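Presented below is the structure to which this report refers.
The values are calculated or read from the model by the stated rules, or taken from the named source; none is laboratory data. For clarity, every value in this text was computed on a predicted model and none was experimentally measured. Positions of Cβ are backbone-derived with ideal geometry, glycine not excepted, and every protein chain shown enters the neighbour counts. All accessible areas refer to the heavy atoms of the entire protein, side chains included, with ligands and DNA or RNA removed. Shrake-Rupley method; radii C 1.70, N 1.55, O 1.52, S 1.80 Å.
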Amino acid sequence: MTSSELRPRQDAAASLRLLSEGELTLEGRLVDASNATLRGIVTLDGATAHCVYKPVRGERPLWDFPDGTLAGREVSAYLVSQATGWDLVPPTVLRDGPFGPGSCQLWIDEPEDAEPLVGFVPAETVPPRWFPVAAARDDDGAAYALAHADDPRLARLAVLDAVINNADRKGGHVLVGPDDRIYGVDHGVCFHVEEKLRTVLWGWAGRRLPPDAVEMLDGLAGQLTGALGDELAEHLAISEVAEVAARVDRLRETGRFPLPPEEWPAMPWPPM
């Protein structure tokens, strides 16, 4: 099996076993990432896949997140994604690697002809069924809009971000996989106990949640009091796990997408 044959929608158990137990060989560093982010290859019993390895020792200290916890937050985002049934985060594990323990996530190859769902577009020609969420100008002063598609796949990702309190949903963290599914990546700064939602996906702000999201949240609430809560507690503080449940309850109570905060920046920087 080659890396092109192994896709996230295939047997999740096989993907997780490959990522956890496979021999990890590094190819190079992704230089645009703020923390040490390394592309590698995992191989096990003839199966091979590309992956992203983020060692704990390469995490940049942050004033608002405890040192050494970002890898566990990456894994926690995957666990919640799996519990939703929406499979929005590629398979992710915590494992030992060439630079010590870290998160290891299946690499997503975007097809060359994949249509972007988030980006800067000329302000006068925002595509139909796109939401403009911020205004901008280029170096020549031309007006642009940061916008995203009114796509139900993106709406699901926006709900997940609200649940996990994602403080860094950049447009570049939204990938279209070869199976035409949407994947969110880079979840190291999620699950804070304080509200820190920063995202480019504000197009649905204040709107009613779709029925599938309401149903999902009802099911997620039950899972958080059982096995899912126990799994998250292996990577997060007890107070952080409790806040996940509290956010789920608030979303169920309001039945609406959250509004942008007024006390802190609503957009990550850079937004893409």
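Could you give me the residue pairs with C-beta distances under 8 Å whose first residue belongs to segment 61-82 and is over 12 Å from Gln105 (Cβ atoms), whose second residue is hydroxyl-bearing (Ser, Thr, Tyr) wherever it lies, and which are 6+ apart or on separate chains?
As it stands, the answer is Leu70/Ser103; Gly72/Ser103, since those pairs meet every condition given.
Condition first: at pLDDT 95 or above, hydrophobic (A, V, I, L, M, F, W, C) and in contact with a strand residue (DSSP E or B) (Cβ under 9 Å, 6 or more places away or on another chain). Can you find one or more residues in segment 217-232 that meet it?
Within segment 217-232 (the criterion being at pLDDT 95 or above, hydrophobic (A, V, I, L, M, F, W, C) and in contact with a strand residue (DSSP E or B) (Cβ under 9 Å, 6 or more places away or on another chain)), the answer is no, since none of the residues qualifies.
Consider segment 94-119. How many of its residues are within 14 Å of Ser20 (Cβ to Cβ), in contact (Cβ under 8 Å) with a residue 12 or more places away in the chain and surrounded by fewer than 23 Cβ atoms within 10 Å (Cβ to Cβ)?
4
Do we have any residue at all in segment 125-136 that's open to solvent by less than 10 Å² (accessible area, probe 1.4 Å) and among the hydroxyl-bearing types (Ser, Thr, Tyr)?
The answer is no, given that none of the residues of segment 125-136 is open to solvent by less than 10 Å² (accessible area, probe 1.4 Å) and among the hydroxyl-bearing types (Ser, Thr, Tyr).
For segment 218-258: of the residues being loosely packed, with under 13 Cβ neighbours inside 10 Å and not in a helix (DSSP H, G or I), which is nearest to the chain's Cα centre (by Cα)?
Per the stated criteria, the residue is Glu234.
Please tell me if Gly206 is without any contact (Cβ under 8 Å) to a residue 12 or more places away in the chain and loosely packed, with under 14 Cβ neighbours inside 10 Å.
no
Of all residues in segment 45-89, count the ones that are among the hydrophobic types (A, V, I, L, M, F, W, C) and touching a strand residue (DSSP E or B) at 6+ places or on another chain (Cβ under 8 Å).
Summing the residues that are among the hydrophobic types (A, V, I, L, M, F, W, C) and touching a strand residue (DSSP E or B) at 6+ places or on another chain (Cβ under 8 Å) in segment 45-89 gives 10.
Checking Phe131 against (1) touching an Asp or Glu at 6+ places or on another chain (Cβ under 9 Å); (2) under 23 Å from Ala227 (Cα atoms), only one condition comes out false. Which one?
Among (1) touching an Asp or Glu at 6+ places or on another chain (Cβ under 9 Å); (2) under 23 Å from Ala227 (Cα atoms), the lone unmet condition for Phe131 is (2).
Can you pull out every residue in segment 23-58 that is basic (Lys, Arg) and either surrounded by fewer than 20 Cβ atoms within 10 Å (Cβ to Cβ) or without any contact (Cβ under 8 Å) to a residue 24 or more places away in the chain (or both)?
Arg29, Arg39, Arg57
Taking segment 150-192 on its own, how many of its residues are on the phi < 0 side of the Ramachandran plot and part of a loop (DSSP other than H, G, I, E, B)?
Total meeting the criteria: 16.
Residues to consider are Val163, Val200, Val189; find the one that is among the β-branched types (Val, Ile, Thr) and open to solvent by 10 Å² or more (accessible area, probe 1.4 Å).
One residue alone meets the criteria, Val189.
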